[in-house]
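*Asks:* What follows is a single structure, and I will ask about it in a moment.
No lab work stands behind these numbers, since they all come straight from the coordinates. The shown structure was predicted, so the numbers you read here are calculated from the model rather than taken from an experiment. Ideal geometry is used to build each Cβ from the backbone, glycine not excepted, and the neighbour counts take in all protein chains shown.
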Amino acid sequence: MNTTPIAEQTNWVRAWYAAPSRMISANLTGRTLRQIVHLHAGGQRVRLCLSNRYGDAPVILTSLKVSPVMQNPQLSIGTQVNQSLFSVQFAGKPTVTLLPGQDVVSDPVDLRVTPFSDLAITFFVAQGDILTGHTWAQQFSSISGLHDVALSPPIFLYPLITTSWWLVTGVDVLSPTPLKAIVTFGSSTTDGTGSTVNANNRWPDYLARQLHEGDSSRWMSVINAGLAGNQLTSAELPLTGGAAIPPFLFGDAGYKRLAWDVMGQPGATDLILHIGSNDLRVGVSGAQIIDAFLEIVRQVRHSYHRVFGTTILPGGYLPAQAEQRQLVNAWLRSQTGQLFDAVFELAAPLESPEDGAVLRAEYDSGDGMHPNDAGYRRMADAIDTIQFSGSFV
C-alpha cells in the first residue's frame, strides 16, 4: 500500500540519465542484462525510463527488477552483489512491450535509495533485438548466457561484460523534499570519455558531489546528457585512421536531440551547454556554431530558469580549427548576462601554458582531446555553483 503523502507525489526528479543513440546489434535476445547506474539523488521511490527510440521492431522484456548494489572487492571487476530484488511493473503488468520509437516509464517502485549509490537494473530480453542504448557508458554491466537468470544469484551466471547501457535511459526518484536538477548537455567530455571506468569521475559526477557537500539549499541533481562524438550542428564526424565507426553511434545532432535529452527532464530547471568541439574538428565555422547556440538557447529559454554556456576545451584541432575555437570562445565569454545567465571558463584551466590549443599534460587522458579524472575534477571546480537556481524547501 502506498502511504506517501499526496503533496510529495510531484517531487519526482531525474537521478540518472543516459542519452540514447542507435546501437550496433549485440544479439541480446534471450539473455538477461544486469546494468549498473550511479544515482545523483535519493528518494523513497524509484521509476525506470526505457527507450526503443531507434528500434526496428518491438522488444519484449520480462523479469524486470531493480536492486541496490554492494561492491564486493573479492569478486572480479564488473561483478555486483545485490542485496535484494524489487519487481518493476508497467501499467500494473510484469512484462513490457517497447514498440519501435517508443519511450516508456515504469510504475513507481517502493525502494528507498540514497544519493551516490549504485542501482542494478535487471531484465530478460524475451523477444526483439535491442538497437537503442548508450555506447560509451564508462561502466561495466553484465550479460547472461541464453537464459532468464534475473531471480538467480549473480555469481557465474553473467559471463559477459558490456561497457554500454541498453534500452535504459533514466531513473527518477521521489524525493521527500523538493529537489531541482541541472542538465549538462554535451559530447564526449560530458559523457566522461577518458575517465576511469566504474569510478563515476565524469565532470557532472564531480559537480553533483560538490553540490551535495556544499550548502544544502544549493544541492541539485545533475543530469548527464552527454553523448560521445555528438555535434551541435548536423554535420557528421569523418572516419579517422581507417576505423569504420558507424556515425549513428554519435547520435542525432544536438539541436535535434534537445527534444528528448533536454526538454521534459523531471525536476530540471537549469541547463549547462558544453558542446561544439566535434563541430570544429569537422570544419564547421565559428559563425555557424554561434548561430546554433543562439537558436538552441532561444528554444530552451521557455523551459529553463537558467541557461549557462561554457568555453570549448583545447586539444585535437588543426591550426585553422584552433583559430575558430578561439573565435567561439571569445564570443562565449562576452555572453555572460547576455545570451547566457553566466559562462563558465572551462577551457583556460586545462590549456597548456606552452600552447593554448593543447591540453595540459597533467589533465590529458592520453589521447590529446579528453581529460583524465584530474582534468574532469578541474572542470567541475571551475563552475560557479552560486549561479544555480538551487533547491529551496
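*Asks:* Which one, (1) 20.5, 64; (2) 24.5, 78; (3) 24.6, 72, gives Rg and Dmax of the Cα atoms in Å as derived from the coordinates shown?
*Replies:* For Rg and Dmax of the Cα atoms in Å, the calculated option is (1).
*Asks:* With the dipole of the range 245-358 worked out from charges on the C-beta (+1 for Lys and Arg, -1 for Asp and Glu) around the Cα centre, which of 271, 346, 330 lies farthest toward the positive end?
*Replies:* 271
*Asks:* Further question on the same structure: Sorting 363, 304 on the 10 Å Cβ count, fewest up front, what's the list?
*Replies:* Details: 363 24, 304 21.
Least crowded to most crowded, the residues run 304, 363.
*Asks:* Which longest run of the chain has no exposed loop site in it, a site being trypsin sites (Lys or Arg not before Pro) in a DSSP loop with at most 14 other beta carbons within 10 Å, and the site itself not part of the run?
*Replies:* On the way: sites that count: 112, 301.
Longest stretch, sites excluded: 113-300.
*Asks:* Further question on the same structure: In the chain, if the dipole is taken from +1 on Lys/Arg beta carbons and -1 on Asp/Glu beta carbons about the Cα centre, which of 370, 186, 16 is farthest to the positive end?
*Replies:* Going by the Cα projections, it comes out as 16.
*Asks:* Another one. Name the residues whose placed amide hydrogens come within less than 5 Å of the amide hydrogen of residue 150, ignoring near sequence neighbours (fewer than 5 apart) on the same chain.
*Replies:* none
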